[in-house]
1. Could you list, in sequence order, all residues of the range 63-89 that are crowded, with 16+ Cβ neighbours inside 10 Å and among the small types (G, A, S)?
2. With the requirement that a residue be over 14 Å from the mean Cα position of the chain (by Cα) and aliphatic (A, V, I, L, M), what does the range 53-103 give you?
3. Please go through the range 27-52 and give me each residue that is under 16 Å from N72 (Cβ atoms) and more than 19 Å from the chain's Cα centre (by Cα), ordered by number.
4. Answer yes if at least one residue in the range 27-50 is in contact with a helix residue (DSSP H, G or I) (Cβ under 7 Å, 6 or more places away or on another chain) and among the charged types (D, E, K, R), and no otherwise.
5. Looking for whichever is outside any loop (DSSP other than H, G, I, E, B) and at pLDDT below 75 here; the options are L119, L73, L61. Which one fits?
Amino acid sequence: MTPENDQRQFHRIFFNAKAELSCQNKQWACQLLDISLRGCLLRFQSPWEQKNIEALYALTLQLSETTAITMNLSVSHVIGNEVGFKCEHIDLDSISALRRMVELNLGDSTLLERDLIALCH
């Protein structure tokens, strides 16, 4: 896929990290595959079998001892044990950390600004 025909509004950052997903007293350890300002892709040890597609999940991604990203997510798509999630809410501290992470990985502030403009619309 070339940049001219890429229809994504948000740049994905390939970031391999352990994360935790939770919903109503349940918790799942998972692997973060990629993340953007609009959502993320997670891999679980077994196929995703949660039936309530309208549930709201909380993702916690610990970047360091003092910095974490927490997002409220809804399921976007499921393929086996990989699940795409859409960000429904993110707090100010988390969006600041995520923005910095995206900016560092993109290496181009104009690409980040494009993502932020798309996020506002």
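1. G84, the sole residue that qualifies.
2. I53, A55, V78, I79, L92
3. Taking the range 27-52 first, the residues under 16 Å from N72 (Cβ atoms) are 27-28, 30, 32, 35-40, 42, 50, 52.
Once the filter is applied, which keeps residues that are under 16 Å from N72 (Cβ atoms) and more than 19 Å from the chain's Cα centre (by Cα), the range 27-52 yields only N52.
4. Within the range 27-50, one or more residues are in contact with a helix residue (DSSP H, G or I) (Cβ under 7 Å, 6 or more places away or on another chain) and among the charged types (D, E, K, R).
5. One residue alone meets the criteria, L119.
The values are calculated or read from the model by the stated rules, or taken from the named source; none is laboratory data. It should be emphasised that the depicted structure is a prediction, and the values quoted were computed from it without experimental measurement. Quick reminder, even Gly has a Cβ in these numbers, built from the backbone with ideal geometry, and neighbours come from all protein chains shown.
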